[in-house]
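Presented below is the structure to which this report refers.
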Amino acid sequence: MTALPSPAGPVAAVPSPAEDRVESERLAAGFVRGDEETFALVYHRWAALVYSLAARSLGDAREAEDVAQQTFLAAWRGRHGYHAVRGPLPGWLVGIARRKIADAHAARSRRTELASAHAAREGSGVPGPAERPEAALDRVLVTQELRKLPPVQRHILRLAFFDDLTHVQIAERTGLPLGTVKSHARRAILRIRRSVTESSAPVE
């Protein structure tokens with residue numbers, strides 16, 4: 001599937017309620033079947049709605065575009081989880097969007113906390129853990145061990161620590177089950193921790 005266009009484009013003309021219901025049901029049926037042309041129509045029809053919701057909550061156009069695209073990609077991958085009897089497709093998309101918005105706020109909070117901690121450490125003049133010689137050695141060891149990991153585990157850790165993604169976001173981006181992502185991450189971290197501990201142990 002090609003990259004999705006920006007969702008911040010103009011909103012299409014609003015049809016009558018009856019026409020809207022019939023068209024929504026038709027699009028929902030094609031979407032669940034996995035028809036890519038229908039997916040493009042669904043995106044064109046409701047991307048502006050999802051984008052506006054994200055933009056109001058996040059206050060950042062770029063983040064809102066990311067959330068909108070993540071929402072539709074997640075919806076496409078999980079399309080078999082949509083059931084018309086539970087509500088119309090736009091409402092289902094909005095539900096996914098709200099979860100993506102919450103993830104974006106959580107990631108923003110983590111970045112803010114890390115930046116604040118770093119600024120406080122720099123301003124105090126007290127050497128932090130990252131400034132100690134042994135910490136520099138740890139970073140080298142971790143980088144070396146990261147290269148030794150199986151490709152899947154290495155990719156998951158890079159997404160978690162360098163792209164600041166949650167396990168749920170990693171599962172959505174990679175297409176792996178959430179349990180598999182957590183298992184790979186846990187094993188990779190344990191392996192690196194064990195290796196760093198052994199390498200840092202004093203030689204008798």
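What to note about this one:
- Filtering the stretch 1-43 to residues that are surrounded by fewer than 12 Cβ atoms within 10 Å (Cβ to Cβ), modelled with pLDDT under 85 and in a helix (DSSP H, G or I) leaves Pro17, Ala18, Glu19.
- Residues that are within 20 Å of Gly175 (Cα to Cα) and open to solvent by 30 Å² or more (accessible area, probe 1.4 Å), drawn from the stretch 79-91: Arg79, His80, Gly81
- Qualifying residue in the stretch 44-67 (condition: touching a Gly at 6+ places or on another chain (Cβ under 8 Å) and open to solvent by 10 Å² or more (accessible area, probe 1.4 Å)): yes
Rundown of residues vs (1) at pLDDT 90 or above; (2) of a type outside the set (Gly, Ala, Ser), yes/no style:
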residue	(1), (2)
Gln70	no, yes
Gly81	yes, no
Gly95	yes, no
Arg111	no, yes
Ala117	no, no
Gly123	no, no
Glu134	no, yes
Arg139	no, yes
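The values are calculated or read from the model by the stated rules, or taken from the named source; none is laboratory data. As the structure is a computational prediction, the values presented were derived from the model and not from experiment. Cβ coordinates were reconstructed from backbone atoms using ideal geometry, including for glycine residues, and neighbour counts include every protein chain displayed. Side chains included, ligands, DNA and RNA excluded: accessible areas come from the protein's heavy atoms. Shrake-Rupley method; radii C 1.70, N 1.55, O 1.52, S 1.80 Å.
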